[in-house]
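Asks: Below is one structure. I have some questions about it.
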Amino acid sequence: MASPRLGVGSRGLPQPQLLVLLLLLLVLLLLLGPWPAAGHGGKYSREKNEPELPPKREPGGEFRMEKLNQLWEKAQRLQLSPVKLSELHADLKMQERDEFAWKKLKAEGLDEDGEKQAKLTRSLSVILAKYGLDGRKDTRAMSSNSLSDPAEEDSLEDPRLEKLWHKAKTSGKFSSEELDKLRREFQHHKEKVREYNVLLETLSRTEEIQENVISPLDVSHVKEDVLHSKHAELKDRLRGIHQGYDRLRRVSHQGYGAEAEFEEPRVIDLWDLAKSANFTEKELESFREELKHFEAKIEKHNHYQKQLEISHQKLKHVESFGDREHVSRNKEKYAMLEEKTKELGYKVKKHLQDLSGRISRARHQEL
């Protein structure tokens, strides 16, 4: 009897060999698996193994430092005017930049006496007082979001300045443009006095705390140097205030002469300081040219501030009518002007800081 033949597969392979081959394929598939389901990252998928991206900043987070975000939110609750908010934004940006720079210095052990930290604290105190965020001027700040009487809103806070301003206004020696320019000088002088008073109060509190905590025997020469530095800063500011008042008194009586070098108050201050610093003639001429560029930057910033205020008033007017499309267009324009004003404000303050630093270094070389 003939032996039974083994079954042959479709390609001529015996059935047992075909089964073995299928088993091997199945084992191979199991070793390579498991396969991720469509649309879901498996254990070995790229999304499971790549590091996660850092979380995005919250929509309201303007700054990297939480304390500055809290101040910004408080200012918005107080309904400061758009121009004041853009100025505050630039000041807080500068404060943030300086604080991060200080943290780097501290990590490298370069602020052992704590003077740079103390300067940052004083700087923040000035910002708080300037914008009514120190708890003392909240009620006054609430009414600053509307167009109020300029005489009431922009009080010079000094009878001597008010008397000079009234004399200049009624003298007939100034055109309307010159009166605007002079008013800016008076306002700038008022801000300088306010900053000086805040620094003086901050320094007094610091000294009082040190006297209560540290006995005279514990005060080192380093601490004395720091104290001397603080008083030197106050002395320089006070000298600048006296010079500024003398200038205002002279201009109020005589009017603006054709020889006026600059128009912007901050630039005028810098130029007066530069002329008394230890600059060579070539350096002074170079500084003069840079001040011209700086003044142009300030004028551009002033232009955007005015446009921002106009846009804000127009937006409030349009919102009262409820035309959605019209409101949307005005909101877009306002947002663009707001962003540009913030950007220019930061650039102006950074440039001012750089120029002031150059003058300060030149003065120290002289000493």
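The values are calculated or read from the model by the stated rules, or taken from the named source; none is laboratory data. Since the structure is predicted, the reported quantities are computational estimates derived from the model, not experimental observations. Methodologically, a virtual Cβ is constructed for each residue, glycine included, from the backbone with ideal geometry; neighbour enumeration extends over all protein chains shown. Surface accessibility is based on the protein's heavy atoms, side chains included, excluding ligands, DNA and RNA. Shrake-Rupley method; radii C 1.70, N 1.55, O 1.52, S 1.80 Å.
Asks: Is it the case, given these coordinates, that S311 is on the phi < 0 side of the Ramachandran plot, assigned to a helix (DSSP H, G or I), among the polar types (S, T, N, Q) and in contact (Cβ under 8 Å) with a residue 12 or more places away in the chain?
Replies: Values: on the phi < 0 side of the Ramachandran plot: yes; assigned to a helix (DSSP H, G or I): yes; among the polar types (S, T, N, Q): yes; in contact (Cβ under 8 Å) with a residue 12 or more places away in the chain: yes.
In short, yes.
Asks: Something else now. Among residues belonging to the range 170-205 that are acidic (D, E) and open to solvent by less than 40 Å² (accessible area, probe 1.4 Å), point out the one that is nearest to R249 (Cα to Cα). Lay out the reasoning, then the answer.
Replies: The initial filter retains those residues of the range 170-205 that are acidic (D, E), namely 177-178, 180, 185, 191, 195, 201.
This time we only want the ones that are open to solvent by less than 40 Å² (accessible area, probe 1.4 Å), so: 185, 191.
Values: E185: 11, E191: 17 Å.
By that ranking, first place goes to E185.
Asks: Still on this structure, I have one more. Over 23 Å from the mean Cα position of the chain (by Cα) and open to solvent by less than 60 Å² (accessible area, probe 1.4 Å), is that true of A335? Outline the logic, then answer.
Replies: On the way: over 23 Å from the mean Cα position of the chain (by Cα): no; open to solvent by less than 60 Å² (accessible area, probe 1.4 Å): yes.
No.
Asks: If K173 satisfies every condition in (1) at pLDDT 90 or above; (2) outside any helix (DSSP H, G or I) but one, which is the exception?
Replies: (1)
Asks: So for the range 122-134 (the condition being at pLDDT below 80 and surrounded by fewer than 18 Cβ atoms within 10 Å (Cβ to Cβ)), does at least one residue qualify?
Replies: First, the residues of the range 122-134 that are at pLDDT below 80: none.
Looking for residues that are at pLDDT below 80 and surrounded by fewer than 18 Cβ atoms within 10 Å (Cβ to Cβ), one finds none in the range 122-134, hence no.
Asks: Moving on to the next point. May I ask you to list the residues in the range 86-120 that are open to solvent by 20 Å² or more (accessible area, probe 1.4 Å), of a type in the set (A, V, I, L, M) and closer than 19 Å to L352 by Cα?
Replies: Across the range 86-120, the qualifying residues are A101, L120.
Asks: Name the pairs whose Cβ atoms lie under 9 Å apart, with the first residue in the range 61-72 and farther than 19 Å from D134 by Cβ and open to solvent by 90 Å² or more (accessible area, probe 1.4 Å), the second of a type in the set (D, E, K, R) and modelled with pLDDT under 95, and 6 or more positions between them or separate chains?
Replies: Sorted first by the residue in the range 61-72, then by its partner, the pairs are R64/R57.
Asks: While we're on this one: For the range 135-167, how many residues are aliphatic (A, V, I, L, M), open to solvent by 40 Å² or more (accessible area, probe 1.4 Å) and at pLDDT 85 or above? Working first, answer last.
Replies: To start, the set of residues in the range 135-167 that are aliphatic (A, V, I, L, M) comprises 141-142, 147, 151, 156, 161, 164.
Adding the requirement that they be open to solvent by 40 Å² or more (accessible area, probe 1.4 Å) leaves 142, 147, 151.
Still in the list and also at pLDDT 85 or above: none.
Going through the range 135-167 one residue at a time, the tally reaches 0.
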